[in-house]
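Trainee: Before I ask anything, here is the structure I am working with.
The numbers here are math on the coordinates, done by the rules we state, and not lab data. Because the structure is a prediction, the values reported are computed rather than measured. Virtual Cβ from ideal backbone geometry, glycine too; neighbours counted across all protein chains shown.
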Amino acid sequence: MVKRPLNGGAQTWKKFLENHRDGIASMDFIIVPTIHFELLYCLIIINHARRIIRAYVRYYNNVQTHVSLERSSPAVRKVQLAGAVTSMKHLGGLHHECVKI
């Protein structure tokens with residue numbers, strides 16, 4: 001006899017949220033009273049795109065050149081003398097890095 005899970009084999013909320021994280025946004029509508037006793041209506045929308053933010057921080061700290069560092073990146077890289085030059089895409093092709101392979 002096959003044992004079935006207690007929830008009938010349905011997906012848990014935690015698993016559902018993990019699977020659909022990229023397409024989920026949180027929204028809230030708030031009313032804020034101002035100093036002049038007027039009402040300010042605010043609609044706040046938050047996208048849960050942590051991976052995009054982490055990828056940009058990684059790109060910014062390891063690849064992108066900085067003017068204050070005399071056009072060098074903060075991460076130390078070895079000089080590549082031999083190899084063919086190719087372009088590596090970062091952030092879905094928004095930024096590119098030329099490297100030798």
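Trainee: With springs connecting C-alpha atoms under 10 Å apart, model the chain as a Gaussian network and identify which of Leu39, Leu69, Leu17 has the largest mean-square fluctuation.
Mentor: Result for the chain, Cα springs under 10 Å: Leu39 fluctuates most.
Trainee: Hey, can you grab everything whose amide H is under 5 Å from the amide H of His95? Only 5+ residues off in sequence or another chain; H modelled, so Pro and N-termini drop out.
Mentor: His90
Trainee: Of Ile30, Ile53, Ile45, which has the largest mean-square fluctuation in a 10 Å C-alpha GNM of the chain?
Mentor: Maximum among the listed residues: Ile30.
Trainee: Tell me, what is the percent relative contact order of the chain, built from C-alpha pairs under 8 Å that lie six or more residues apart? Before the final figure, lay out the partial values.
Mentor: Numbers: 92 pairs, mean separation 14.8, N = 101.
Worked out over the chain, it gives 15 percent.
Trainee: Looking at [x] 33, 32, 20; [y] 73, 25, 17; [z] 71, 58, 20, which value of Cα extents along the principal axes in Å comes from a calculation on the structure shown?
Mentor: Checked against the structure: label [z].
Trainee: Taking a ≥ b ≥ c as the square roots of the Cα gyration tensor eigenvalues, with a/c under 1.5 meaning rounded and otherwise prolate when a/b beats b/c, else oblate, which class fits region 50-101? Present the calculation step by step, with values, prior to reporting the outcome.
Mentor: Working: a/c = 2.30, a/b = 1.26, b/c = 1.82.
Oblate.
Trainee: Identify, among Ile52, Thr12, Gly83, the residue whose Cα sits farthest towards the positive end of the charge dipole of the chain, taking +1 on the Cβ of Lys and Arg and -1 on the Cβ of Asp and Glu, with the dipole about the Cα centre.
Mentor: Farthest along the dipole direction, towards plus: Gly83.
Trainee: How many nm is it between the label spots at Gln64 and Phe16, if each spot is 7 Å from the Cα in line with the beta carbon?
Mentor: 3.7
Trainee: Run the simple label-point estimate for Cys42 and Arg54 please: 7 Å along Cα→C-beta, distance reported in nm.
Mentor: 2.8
Trainee: While we're here: What's the magnitude of the charge dipole for the chain around its Cα centre, counting Lys and Arg as +1 and Asp and Glu as -1 at the beta-carbon? Answer in Debye, nearest 20.
Mentor: Values: 14 positive and 6 negative charges, 155 e Å.
Rounded to the nearest 20 debye, it is 740 debye.
Trainee: With springs only between Cα atoms under 10 Å, which of Arg71, Arg21, Arg58 fluctuates most in a Gaussian network model of the chain?
Mentor: Top of the fluctuation ranking is Arg71.
Trainee: Determine, from the Cβ-Cβ distance of Ile24 and Ser72 and an R0 of 25 Å, the FRET efficiency 1/(1 + (r/R0)^6), rounded to the nearest 0.05.
Mentor: On the way: r = 39 Å, r/R0 = 1.55.
Once the sixth-power term is evaluated, E becomes 0.05.
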